[in-house]
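What follows is a single structure, written as structure tokens, with notes after it.
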Amino acid sequence: MVNTIVICPNCGKNTPEGKFCESCGARVDVQSSCRACGAPLVPGTKFCDTCGTPVGAAGAAPPAAVPVAPYPPPIPLAPEGNHERNVPIISAPAPASGNKSMIIGGVVGIIILAIIVFLVVLPMLSSTGSAGSGTYVPGTSGSLPSTVTPTSKSCETLIFDTPSIAAMKNNPTTQRTISLSTSTYITKIGTYHWNNGKGFTPGSISLKDQNGKIYGPWYATGSPGQGGVPNAYWYADVKATLPAGKYTVVDSDPSSWSYNSETGNAGVVWLYSSASCGTGSSGQGTSGSMSPTVTPTSKSCETLIFETPSIAAVKNNPTTQRTITLSAPIYITKIGTYHWNNGKGFTPGSISLQDQSGKIYGPWYATGSPGQGGVPNAYWYATVKATVPAGKYTVVDSDPSSWSYNSETGNAGMVMIYSLTACNAG
């Protein structure tokens, strides 16, 4: 007897004719004719060859529920004929790639973040410090050694200067260099930007050594110059120790940087330190230094050293030039002229000194003070604070038409000069 092979309606596998599938145990009903059209069925077929109705349809009892695998293997083709053409072949779907991509992306992101922290953040944290506390954060290029913390006995002292009382020009034609014979703690550096009485918005100041290494830039703040010119003085805090060596001063705006022949045609510069105060060492620069200014001591005081006294009535517009002669270099604090101007005074201008070669020192811009009877701006006073070389000078007042004189003053304009040297000498 030949066993009839049927297809299990639950798992789709071939199984011998019987009540239950040998593969999954589901109930198997042998259907001999189509329940739709009544045509006889070939054993083992799933669809009626006449009408195409699935075997077991139209009232067939549902198979018993049996747990099945989630991804059954592909159904094998029937051994003969083409009656299996409409049977879908089910294959296990590929695992979803979305979650895997997210995991890989997360791991890569963590690795990149760790590299950034190691290469960027940690070096920044390790190098950050406040200037003057033992660690110095330099500018864009170069590096400085550890700073020298000033002691309680130290104080700020001018150690390099380019003094001049002559008229200034812009855009130096010679580089400004300074030389330090030993390592020196620098507190601040300054440059001068008179700029034809207009000043200039502060920028930065740097130092470049002979190897081209840049120290800084240090960003400056502005202070008024003579006559209240805004931002004429640029001062930048350094607070670091510079190694011994020769440096070129780099100003961010040379077009407004002041100079003249007295400064060696190089820009005007000041350098301050704490090292020389209380230690005896100077660190004075060796390049561009002119006649040093006289630094006032704690015992010095301002004293009138030249005047043209008179109690007689005064006139305007002197008929004789006012000259003064200095037998030795003298530190002058301020210079003044008198402008009674028939009891009206006059808006303050400037005062200069001209030597015998025609060189002009100044101009120094004056402020006004009341004269006798409260006349406004009768006294003009201009701050000098510089050492004037020995020699003969002519006083130049910006408004001789209101400058006072009389016969007691030798028909020359009235002048007052103040200094600190006479106070110390007495």
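Points worth noting:
- Matching residues in region 306-328 - criterion: being crowded, with 17+ Cβ neighbours inside 10 Å and in a loop (DSSP other than H, G, I, E, B): Thr308, Val314, Pro318, Arg322
- Where strands (runs of 3 or more DSSP E) fall wholly inside region 223-276, the ranges with 1 or more residues that are acidic (Asp, Glu) and surrounded by fewer than 19 Cβ atoms within 10 Å (Cβ to Cβ) are 233-242.
- Of the residues making up region 418-425, none is in a helix (DSSP H, G or I) and modelled with pLDDT of 90 or more.
- Any chance Cys301 is at pLDDT 50 or above, touching a Cys at 6+ places or on another chain (Cβ under 6 Å) and of a type outside the set (A, V, I, L, M): yes
- Of all the numbered requirements in (1) crowded, with 21+ Cβ neighbours inside 10 Å; (2) outside any strand (DSSP E or B); (3) at pLDDT 95 or above, Ser401 misses one, and that requirement is (1).
- Taking the criterion of being within 22 Å of the chain's Cα centre (by Cα), farther than 14 Å from Tyr233 by Cα and touching a residue at least 60 places away in the same chain (Cβ under 8 Å), the residues of region 246-267 that qualify are Thr248, Val249, Ser255.
- Cross-chain or 6+ apart pairs with Cβ under 8 Å, region 367-387 first and under 15 Å from Val415 (Cβ atoms), then acidic (Asp, Glu): Trp380/Asp397
- Matching strands (runs of 3 or more DSSP E) fully within region 157-213 where at least 2 residues are hydroxyl-bearing (Ser, Thr, Tyr): 177-180, 184-192, 204-209
The values are calculated or read from the model by the stated rules, or taken from the named source; none is laboratory data. Nothing here was measured: the structure is a model prediction, and the numbers come from that model. Cβ: placed from backbone, ideal geometry, glycine included. Neighbour counts: every protein chain shown.
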